[in-house]
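Peer 1: Dumping the structure here so I can ask a few things about it.
The values are calculated or read from the model by the stated rules, or taken from the named source; none is laboratory data. If you're wondering where the values come from, they're calculated on a predicted model, not measured in any experiment. Cβ coordinates were reconstructed from backbone atoms using ideal geometry, including for glycine residues, and neighbour counts include every protein chain displayed. For the accessible areas, the whole protein counts, side chains as well, though only heavy atoms, and no ligand, DNA or RNA atoms are used. Shrake-Rupley method; radii C 1.70, N 1.55, O 1.52, S 1.80 Å.
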Amino acid sequence: MSSQAAEYVEVLVNDPVRLYELLDDAEAFLRRAPQQFAGILVTRHDPGRYTLTLSDTVPFGETRELVLS
């Protein structure tokens, strides 16, 4: 199985107070995808931009974080 993402969501944050709310919503959206092989990888590209992807490099049912900046 390759490590390609099946789906992703980009989160752009202008109001830091809403950061966790927006990330939680994006994670809940991805968890609704019909699959049983991938966990969720949250990548911080900068303080206002995050991507969440389904990734088979993360165990199913888990969420991991990666910080690029």
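Peer 1: Filter region 27-52 for residues that are open to solvent by less than 30 Å² (accessible area, probe 1.4 Å) and under 8 Å from the mean Cα position of the chain (by Cα) and give the result.
Peer 2: Leu30, Ile40, Val42, Thr43, Tyr50, Thr51, Leu52
Peer 1: Suppose we filter region 3-20 for residues that are out of contact with any helix residue (DSSP H, G or I) (no Cβ under 8 Å at 6 or more places or on another chain), more than 14 Å from Glu65 (Cβ to Cβ) and open to solvent by less than 90 Å² (accessible area, probe 1.4 Å); how many remain?
Peer 2: Counting residues in region 3-20 that are out of contact with any helix residue (DSSP H, G or I) (no Cβ under 8 Å at 6 or more places or on another chain), more than 14 Å from Glu65 (Cβ to Cβ) and open to solvent by less than 90 Å² (accessible area, probe 1.4 Å) gives 5.
Peer 1: Here's a check for you: in region 1-24, which residue that is under 10 Å from the mean Cα position of the chain (by Cα) and among the charged types (D, E, K, R) is modelled with the lowest pLDDT?
Peer 2: Glu7
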